[in-house]
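The values are calculated or read from the model by the stated rules, or taken from the named source; none is laboratory data. In this text, all values refer to a predicted model and were calculated from it rather than measured experimentally. Positions of Cβ are backbone-derived with ideal geometry, glycine not excepted, and every protein chain shown enters the neighbour counts.
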Amino acid sequence: MDDRLQVRSMVDARHGRVKPQIYADPEIYQLELERVFARSWLFLAHESMLPKAGDFFTTSMGEDPVVVVRQKDGSLQAYLNQCRHRGMRLCHADGGNTKAFTCPYHGWAYGLDGGLTSVPLEEQAYRNQLDKSRWGLTRVPRLATYKGLVFGNWDESAPSLEAYMGDMAWYLDGFLDRRAGGTEVLGGIHKWVIDCNWKFAAEQFCSDQYHAPYTHASAVQVLQASPANKSDGKPLGEGQTARPVWADALGGVQFGGQGHGSAFFFTEKPDANVWVDGAVSAYFRDTYPEAEARLGKVRALRLAGHNTLFPTLSWLNGTQTLRVWHPRGPNKIEVWAFCLCDREAPAEVKDALIKSHARAFGPAGFLEQDDSENWVEVQKVLQGHKARQTEFCMEMGLGHEARRADGIPGVTNYTFAETAARGFYQHWANMMSAENWDEIQALNASYEKELVHE
Ligand code: FES
Ligand SMILES: [Fe+2]
């Protein structure tokens, strides 16, 4: 059977079934690099990280290393971080400012615009016969910025970034657009490795509200009991039990569409987030009127929950973690965690936020470790032959999808559901099997049409 059709048969989103081979098979992984990562819009950097001409940042698109560079005219470009002579990694720094990139192997040098500018011994070794104009760096052909986030795409025929995001932009705005001035990245980036497939992390952030009460139960008990994390600033009274955010939640929503997903609780409290320091929750309270004026009540109040922009960009409102799950083989990811803050926030709030962020979602964060422990163990189980053949159940909320009349866009469900997870895998299977973007979009549209009977 054609390998693409075979992959397609491993996902049955209409009945909520997935074959776990998709998380462990090296051939499927190679096909993902080509069909998913070389055709999707991938997050590269935040504009605040590259303010001046010559500023650069190195990252990767799938496993392809790239360097993003601020040009002299203020625009951005991104290139494959690979020297054209023998393929050496050209730039080894995480980021910085430069006038040129010089390869450490034989010394070829490239300008900010990616052009090859100088070659050692050009006269003697190349007899001045090398046409340097044809040996510039390989440019990422599509680059687009959305409210400070810079994305790249290798596929010239991909839809625009806005069309690719679709309804997910509405949910993303709740993270990026709370205040005038937008957002910035605070401090450096936490980077670490987890031995699991990238889809476990991306899918959990897309859809899985269900794990939080159980996986994070002990962390929530401890946090909720701390006066610093209670909006009234008072310790728990004797005999009082901490109530997690979901106990007081007034229901919630899960959205899934085009592979993206978002899930959260409704609340009436502008600081209903137990994961951040008191100074940060006070900031959310103080700035609530501005956020409500810009975003409306639902998104301004929404400070907890999960989000993934397919395939590998995830974020959590409130703790302000923005992360990329860089794939590193079928059984490994490199997590890059950025702390995103409103640019207009006072310095002491930024300081408190970056500490809260590290405490909850840094590599040793108490919530982070709960999550990664699960993914690593599932991946270990999948070393077994039988385990890789045994279907997973993804049926939660199946058949209860609906469109809402209150302005919350897209196909939605109750917050505890697997609508976004099913949509994530359906889109993944469509990308893995379709020849081009027209076909991917047609397959997505017919799937979504079946979900909601209008
Ligand atoms: S590999 Fe870069 S100069 Fe030779
Ligand atoms: Fe979690």
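Scan segment 279-318 for residues that are of a type in the set (Phe, Trp, Tyr) and closer than 25 Å to GLY362 by Cα and jot them down. Quick ask: steps written out before the conclusion?
Our first condition is that a residue be of a type in the set (Phe, Trp, Tyr); within segment 279-318, this holds for 283-284, 288, 310, 315.
If the condition is that a residue be of a type in the set (Phe, Trp, Tyr) and closer than 25 Å to GLY362 by Cα, then TYR283, PHE284, PHE310, TRP315 are the ones that fit.
Determine which member of the set ALA364, ALA358 is in a helix (DSSP H, G or I), surrounded by fewer than 21 Cβ atoms within 10 Å (Cβ to Cβ), of a type in the set (A, V, I, L, M) and away from ligand 2 (no atom under 14 Å from the Cβ).
Working: ALA364 fails: in a helix (DSSP H, G or I).
ALA358 is the lone residue from the list that is in a helix (DSSP H, G or I), surrounded by fewer than 21 Cβ atoms within 10 Å (Cβ to Cβ), of a type in the set (A, V, I, L, M) and away from ligand 2 (no atom under 14 Å from the Cβ).
Among (1) within 17 Å of the chain's Cα centre (by Cα); (2) assigned to a helix (DSSP H, G or I); (3) farther than 17 Å from ILE194 by Cα, where does CYS341 come up short?
Unmet for CYS341, out of (1) within 17 Å of the chain's Cα centre (by Cα); (2) assigned to a helix (DSSP H, G or I); (3) farther than 17 Å from ILE194 by Cα: (2).
For the subset of segment 410-454 comprising residues that are in contact with an Asp or Glu (Cβ under 8 Å, 6 or more places away or on another chain) and of a type in the set (Val, Ile, Thr), which member is surrounded by the fewest Cβ atoms within 10 Å (Cβ to Cβ)?
VAL452
Within segment 282-309, which residues are without any contact (Cβ under 8 Å) to a residue 40 or more places away in the chain and under 25 Å from GLN204 (Cα atoms)?
LEU301, LEU303
Among what's in segment 258-297 and is in a loop (DSSP other than H, G, I, E, B) and modelled with pLDDT of 90 or more, pick the residue that is nearest to ligand 1 (Cβ to nearest atom).
Residues of segment 258-297 that are in a loop (DSSP other than H, G, I, E, B), as a first pass: 258-259, 266-277, 287, 296.
Next, only the ones that are modelled with pLDDT of 90 or more stay: 258-259, 287, 296.
Values: GLN258: 39, GLY259: 37, THR287: 49, GLY296: 53 Å.
Applying the filter and picking the extreme gives GLY259.
Please verify whether GLN204 is among the polar types (S, T, N, Q), in the same structural domain as VAL253 (by TED's automatic domain parsing) and outside any helix (DSSP H, G or I), treating the condition exactly as stated.
Values: among the polar types (S, T, N, Q): yes; in the same structural domain as VAL253 (by TED's automatic domain parsing): yes; outside any helix (DSSP H, G or I): no.
Spelling it out, it is not the case that GLN204 is among the polar types (S, T, N, Q), in the same structural domain as VAL253 (by TED's automatic domain parsing) and outside any helix (DSSP H, G or I).
Restricting to segment 150-189, give me the number of residues that are farther than 21 Å from THR412 by Cβ, small (Gly, Ala, Ser), touching a residue at least 24 places away in the same chain (Cβ under 8 Å) and in a loop (DSSP other than H, G, I, E, B).
5
Of the conditions (1) modelled with pLDDT of 95 or more; (2) assigned by TED's automatic domain parsing to the domain that holds HIS326; (3) not small (Gly, Ala, Ser), ARG8 clears all except one; give me its number.
Status for ARG8: all satisfied but (1).
Across segment 367-384, which residue is surrounded by the fewest Cβ atoms within 10 Å (Cβ to Cβ) among those that are polar (S, T, N, Q) and in contact (Cβ under 8 Å) with a residue 24 or more places away in the chain? Reasoning before the result, please.
Taking segment 367-384 as the starting set, the residues that turn out to be polar (S, T, N, Q) are 369, 372, 374, 379, 383.
Pick out the ones that are also in contact (Cβ under 8 Å) with a residue 24 or more places away in the chain and you get 372, 374, 379, 383.
Working: SER372: 21, ASN374: 16, GLN379: 21, GLN383: 10.
Going through the qualifying residues, I end up with GLN383.
Looking at ALA202, ALA180, can you tell me which residue is closer than 20 Å to VAL376 by Cβ and either modelled with pLDDT under 95 or touching a helix residue (DSSP H, G or I) at 6+ places or on another chain (Cβ under 8 Å) (or both)?
Working: ALA180 fails: closer than 20 Å to VAL376 by Cβ.
Of ALA202, ALA180, the one residue that is closer than 20 Å to VAL376 by Cβ and either modelled with pLDDT under 95 or touching a helix residue (DSSP H, G or I) at 6+ places or on another chain (Cβ under 8 Å) (or both) is ALA202.
Of all residues in segment 60-93, which are buried (at least 21 other Cβ atoms within 10 Å of the Cβ) and polar (S, T, N, Q)?
Passing the criteria: only ASN81.
If we keep just the residues of segment 351-383 that are closer than 16 Å to ILE333 by Cα and polar (S, T, N, Q), which is nearest to the chain's Cα centre (by Cα)?
Selected residue: SER372.
Test LYS132 against the stated conditions and say whether it is surrounded by fewer than 20 Cβ atoms within 10 Å (Cβ to Cβ), assigned by TED's automatic domain parsing to the domain that holds ASP342 and away from ligand 2 (no atom under 16 Å from the Cβ).
When the stated conditions are applied, LYS132 does not pass them.
Please list, ordered by first then second residue, the pairs with beta carbon atoms under 6 Å, 6 or more apart or interchain, first in segment 39-64 and without any contact (Cβ under 8 Å) to a residue 60 or more places away in the chain, second surrounded by fewer than 19 Cβ atoms within 10 Å (Cβ to Cβ) and assigned to a strand (DSSP E or B).
GLY54/ASN97; ASP55/ASN97; PHE57/GLY95
Considering segment 396-425 alone, what residues qualify as being under 20 Å from VAL11 (Cα atoms) and charged (D, E, K, R)?
Going residue by residue through segment 396-425, those that are under 20 Å from VAL11 (Cα atoms) are 396-401, 411, 417-425.
Across segment 396-425, the qualifying residues are GLU401, GLU418, ARG422.
In this structure, is ALA387 surrounded by fewer than 21 Cβ atoms within 10 Å (Cβ to Cβ), of a type in the set (A, V, I, L, M, F, W, C), in contact with a Pro (Cβ under 9 Å, 6 or more places away or on another chain) and farther than 24 Å from GLN254 by Cβ? I'd like the intermediate steps shown before the answer.
Working: surrounded by fewer than 21 Cβ atoms within 10 Å (Cβ to Cβ): yes; of a type in the set (A, V, I, L, M, F, W, C): yes; in contact with a Pro (Cβ under 9 Å, 6 or more places away or on another chain): yes; farther than 24 Å from GLN254 by Cβ: yes.
Considered against the rule, which asks whether it is surrounded by fewer than 21 Cβ atoms within 10 Å (Cβ to Cβ), of a type in the set (A, V, I, L, M, F, W, C), in contact with a Pro (Cβ under 9 Å, 6 or more places away or on another chain) and farther than 24 Å from GLN254 by Cβ, ALA387 comes out as yes.
Might you check whether a residue that is among the hydrophobic types (A, V, I, L, M, F, W, C), in a strand (DSSP E or B) and in contact with a strand residue (DSSP E or B) (Cβ under 8 Å, 6 or more places away or on another chain) occurs anywhere in segment 298-310?
Going residue by residue through segment 298-310, those that are among the hydrophobic types (A, V, I, L, M, F, W, C) are 298, 300-301, 303-304, 309-310.
Keeping just the survivors that are in a strand (DSSP E or B) gives 309.
Now drop any that are not in contact with a strand residue (DSSP E or B) (Cβ under 8 Å, 6 or more places away or on another chain), which leaves 309.
Looking through segment 298-310, at least one residue is among the hydrophobic types (A, V, I, L, M, F, W, C), in a strand (DSSP E or B) and in contact with a strand residue (DSSP E or B) (Cβ under 8 Å, 6 or more places away or on another chain).
Can you pull out every residue in segment 180-206 that is small (Gly, Ala, Ser) and within 15 Å of the chain's Cα centre (by Cα)? Lay out the reasoning, then the answer.
Here is the first cut: in segment 180-206, the residues small (Gly, Ala, Ser) are 180-182, 187-188, 201-202.
ALA201, ALA202, listed by residue number.
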